[in-house]
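One structure below.
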Amino acid sequence: MSTQQNDSTNSRRYLAVTPCRNEEQYIQTTIDSMAKQTVLPACWVIVDDGSTDRTPEILAEAAAKYPWIRVVKRADRGERAVGPGVIQAFNDGLDSVNIDDFDYLCKLDGDLGIPERYFEGLMEILENDPLRGNISGKTYIETGSGKWVSERMGDENAIGPTKFYRVSCYKDIGGFVPQASWDGIDGHMCRMKGWIAESVDREDLRLKHYRPQGSSQKSIWTGRKRWGRGKYFMGSSLLYVTAVALYRMPERPFIVGGIGIFWGYLRARLGGVDRYDNPEYLRFFRKYEMDSLLKGKRKTLDAANATIRAHASANSDPRLVTQKSAPGTDSGSKDLVA
């Protein structure tokens, strides 16, 4: 581990929280990656969500070895509960500490290979831009030939497997919605509240993802249907989801994955599944989504970020004056939507 830590990051405290269940295949890799970080977490809470494999033993050994690891155990609910279950476990971990003791918070998956300078790099980005609320690198997945390729996730939010937040921003958006697509809703809530949310593809911020996004321990088909159902819950239009499904069809499993997303969305729509009950968010989100279809996702994100910066400058946003403060007490944002 590097002993020459950047001054601005060395003085910052970050908390990582990892909900996991039956993760014996990958969790040790994630633990080893965290132990090699150039800036270690002030605390890493790993929530064992009722594992029935060797995960509890692996976590106990890690907690005994590393004083910054804390394990929280939950009762076995009988199965992996994605969406709401993940956030319930995450919140249990968060409740075990005082969030105000930290500057940054990361929701971290337990199936990742993490570059050594990953968290130091993220903190440097946030320290240099006080309007950024969440940030992440990009995940890469292994192909059948052994090559690691981009998972092709959008730039408009920190990716779900590793959401790195300013504590002040996380509190500003009210935390994560305990439903499917929580990891899509949060980025748009950030923009509504005047924070920039983004993921960046930089070589030192590329993570190895051993369980691809939109997959499931049961099957890719199950995972993609769940993805489509989540898109319905978060407010996506049929037109937009059709575009998403077509975009994903060239990915493995070819054609089937895209159809799974569309079918999951359609079943939720026809079945009368509830949607996220936040009219202000839905108006904001649907405009952003339509702009993405008409102008492209990158141009839409750049325009949204420019609006946030212009609004902050015009309103003498205190974040532009005070970039550093005591843990958890960064100056709050000013909403873009009144």
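The values are calculated or read from the model by the stated rules, or taken from the named source; none is laboratory data. Because the structure is a prediction, the values reported are computed rather than measured. Glycine also receives a Cβ, built like all others from the backbone with ideal geometry; neighbour counts cover every protein chain displayed.
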Practice item. Confirm whether K36 is at pLDDT 95 or above, basic (K, R), under 30 Å from N128 (Cα atoms) and assigned by TED's automatic domain parsing to the domain that holds P161. Key: yes
Review point. Within the stretch 140-156, is there a residue that is in contact with a Phe, Trp or Tyr (Cβ under 9 Å, 6 or more places away or on another chain), acidic (D, E), within 25 Å of T300 (Cβ to Cβ) and surrounded by fewer than 20 Cβ atoms within 10 Å (Cβ to Cβ)?
Key: yes
Revision key, fill the gap. So, first residue more than 19 Å from H311 (Cβ to Cβ) and aliphatic (A, V, I, L, M) in the stretch 123-141, second residue at pLDDT 95 or above and assigned to a loop (DSSP other than H, G, I, E, B), Cβ within less than 6 Å, six or more apart or across chains; the pairs are I135/A158
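Which residue is modelled with the lowest pLDDT, if the candidates are limited to the stretch 247-279 and must be assigned to a helix (DSSP H, G or I) and of a type in the set (A, V, I, L, M, F, W, C)? Write out each step before concluding.
First, the residues of the stretch 247-279 that are assigned to a helix (DSSP H, G or I): 247-248, 256-270, 279.
From what's left, of a type in the set (A, V, I, L, M, F, W, C): 256, 259, 261-263, 266, 268, 270.
Numbers: V256: 92, I259: 96, I261: 96, F262: 97, W263: 98, L266: 97, A268: 96, L270: 97.
My answer is V256.
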Review point. If you scan the stretch 225-242, which residues turn out to be outside any helix (DSSP H, G or I) and surrounded by 21 or more Cβ atoms within 10 Å (Cβ to Cβ)?
Key: G235, S236
Check your understanding: Is it the case that R191 is in the same structural domain as Q37 (by TED's automatic domain parsing), of a type outside the set (A, V, I, L, M, F, W, C), crowded, with 23+ Cβ neighbours inside 10 Å and more than 18 Å from D109 (Cα to Cα)?
Key -> yes
Check your understanding: Which one of these is surrounded by fewer than 21 Cβ atoms within 10 Å (Cβ to Cβ) and either at pLDDT 95 or above or over 27 Å from S168 (Cα atoms) (or both): E57, E23?
Key -> E57
Review point. Of all residues in the stretch 62-86, which are assigned to a loop (DSSP other than H, G, I, E, B), within 24 Å of the chain's Cα centre (by Cα) and modelled with pLDDT of 95 or more?
Key: W68
Check your understanding: Got a number for residues in the stretch 287-338 being modelled with pLDDT of 95 or more, within 25 Å of the chain's Cα centre (by Cα) and part of a loop (DSSP other than H, G, I, E, B)?
Key -> 1
Study note, to complete from the structure: The lone condition S199 fails out of (1) touching a Ser or Thr at 6+ places or on another chain (Cβ under 8 Å); (2) surrounded by 19 or more Cβ atoms within 10 Å (Cβ to Cβ); (3) modelled with pLDDT under 95 is (3)
Exercise for review: Quickly run through the stretch 88-101 and pick out the residues that are outside any helix (DSSP H, G or I) and within 12 Å of W44 (Cα to Cα).
Suggested key: S96, V97
